[in-house]
Amino acid sequence: MPAILILAAGASARMRGRDKLLEQVAGVPQLGRIARAALETGCRVLVALPPEAGARVAVLAGLAVTLVTVADAATGMAASIRAGVSAAGDAAGLMILPADMPDLDAADLGALLGAFLAAPQLIHRGTSRDIPGHPVIFPRAFFPSLASLTGDSGARAVLATHPDRVQGVPLPGRHAIIDLDTPEDWAAWRAT
């Protein structure tokens, strides 16, 4: 089985003092909601967090997740991915799941997991309306490439290098492409 890495080490810099992962979705902080959805898959769930993440850690209290402190989180998303690969141990793959995607649910994660189990040699990427998005599951064979990433572009370089190994997994609506980074994004999403 793959492990799931929830990317939650970002600074929410564009939220002007608010933490986007603590925004309420259906009465629950977004980080807690996405962690519960990930746990419903039965996979081991890792949560990448910055060193000073007291409020985020509190949201995860009591959940059977593994907290992965990313000491160099400020250097970009690649630091979280590297830490997640290291923490994944002998997992058959790694689902990279951004924490700021409020439309994703357990059924979406299950669809990706099902695709991975049917073809574990491929990279499986959530899509919405044929637009590539998230989450993405990488087979274990790609762990060395993921472990060598730098900067803040995530795993785009790995995906670009292996387009023949990427299979889209259609998700409903805009689930794979909605991420909310600003107060305006959150307000617009809530208005729909």
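Every read-out reported here was derived from the displayed coordinates using simple, explicitly stated rules and does not represent laboratory data. Bear in mind the structure is a predicted one, so any value in this text is a computation, not a measurement. Because the Cβ atoms are built from the backbone with ideal geometry, glycine has one as well, and the counts that use them run over all protein chains shown.
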**OP:** Mind telling me which of Ala111, Ala64, Ala87 comes out most flexible in a GNM of the chain, alpha-carbon contacts under 10 Å?
**Re:** Ala64
Subject >> Whole-Å distance, taken between Cα centres, linking segment 125-192 and segment 50-119 >> reply: 13 Å
**OP:** With a Förster radius of 30 Å, plug the Cβ-Cβ distance of Ala71 and Leu22 into 1/(1 + (r/R0)^6) and report the FRET value to the nearest 0.05.
**Re:** 0.85
Subject >> Listed candidates (1) 48; (2) 32; (3) 41 - label of the one calculated as percent of Cα pairs over 24 Å apart >> reply: (2)
**OP:** Could you work out which residue, out of Ala106, Ala71, Ala55, moves most in a Gaussian network model of the chain, that is, has the largest mean-square fluctuation with Cα springs under 10 Å?
**Re:** Ala55
**OP:** Starting from the Cα of Trp189, move 7 Å in the Cα-to-Cβ direction to define the label point; list residues of segment 88-109 whose amide nitrogen is under 16 Å from there.
**Re:** 97-106, 108-109
